[in-house]
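Report on the structure given below.
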Amino acid sequence: MSDRQAVEQTVHLYVEGMAFANEAALKKAFHPKSSIIGHYENAVEWLTRDEFIAAILAEEPAPPGTQPYMDIQSVDVEGDAASVKVTDDFAGMRFTDYLSLLKIDGRWTIVGKLFHLHL
């Protein structure tokens with residue numbers, strides 16, 4: 001598998017983990033020290049991975065068999081660093097996410113997520 005494919009696989013893991021409130025998938029996709037940052041409800045939201053996962057688990061997951069909306073608009077890989085722009089839906093809201101990934105011990109992991117909530 002190429003690095004680009006492995007990066008996209010991590011993005012799929014993240015989006016599906018979010019859609020189906022899959023804590024294990026989200027923990028696998030995100031580094032324990034990652035940050036999730038963006039404007040939400042008229043305030044800057046700056047979350048740790050565990051705070052983000054708790055917020056996901058507090059929402060109703062998508063029904064089984066649902067195909068989560070995900071549009072990967074760009075992937076840039078340089079050595080062990082990657083950047084992805086992806087638009088996805090969660091809890092009736094549409095987001096554009098800018099994900100920073102790092103290859104650690106041979107596995108791509110999200111180390112930062114900057115999001116924009118479409119209104």
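The single condition from (1) in a strand (DSSP E or B); (2) closer than 15 Å to residue 111 by Cα; (3) of a type in the set (A, V, I, L, M, F, W, C) that residue 13 fails is (1). Residue count for segment 20-39, restricted to those that are within 15 Å of residue 115 (Cβ to Cβ) and out of contact with any helix residue (DSSP H, G or I) (no Cβ under 9 Å at 6 or more places or on another chain): 3. Only a single criterion out of (1) part of a helix (DSSP H, G or I); (2) in contact with a strand residue (DSSP E or B) (Cβ under 6 Å, 6 or more places away or on another chain); (3) over 19 Å from residue 69 (Cβ atoms); (4) not charged (D, E, K, R) is not satisfied by residue 18, namely (3). Strands (runs of 3 or more DSSP E) fully within segment 40-93 that include at least 1 residues being open to solvent by 50 Å² or more (accessible area, probe 1.4 Å) and within 13 Å of residue 11 (Cα to Cα): 70-78, 81-90. Residue pairs whose Cβ atoms lie under 7 Å apart, separated by 6 or more positions or on different chains, with the first residue in segment 89-102 and farther than 11 Å from residue 69 by Cβ and the second open to solvent by less than 60 Å² (accessible area, probe 1.4 Å) and of a type in the set (D, E, K, R), are 97/88; 97/113; 99/113.
Screening segment 96-114 for residues that are open to solvent by 20 Å² or more (accessible area, probe 1.4 Å) and in a strand (DSSP E or B) and picking the one that is nearest to residue 85 (Cα to Cα) gives 98.
The values are calculated or read from the model by the stated rules, or taken from the named source; none is laboratory data. The structure presented is a predicted model; accordingly, all values stated were derived computationally and were not measured. Cβ coordinates were reconstructed from backbone atoms using ideal geometry, including for glycine residues, and neighbour counts include every protein chain displayed. Only protein heavy atoms, including side chains, enter the accessible area calculation; ligands, DNA and RNA are left aside. Shrake-Rupley method; radii C 1.70, N 1.55, O 1.52, S 1.80 Å.
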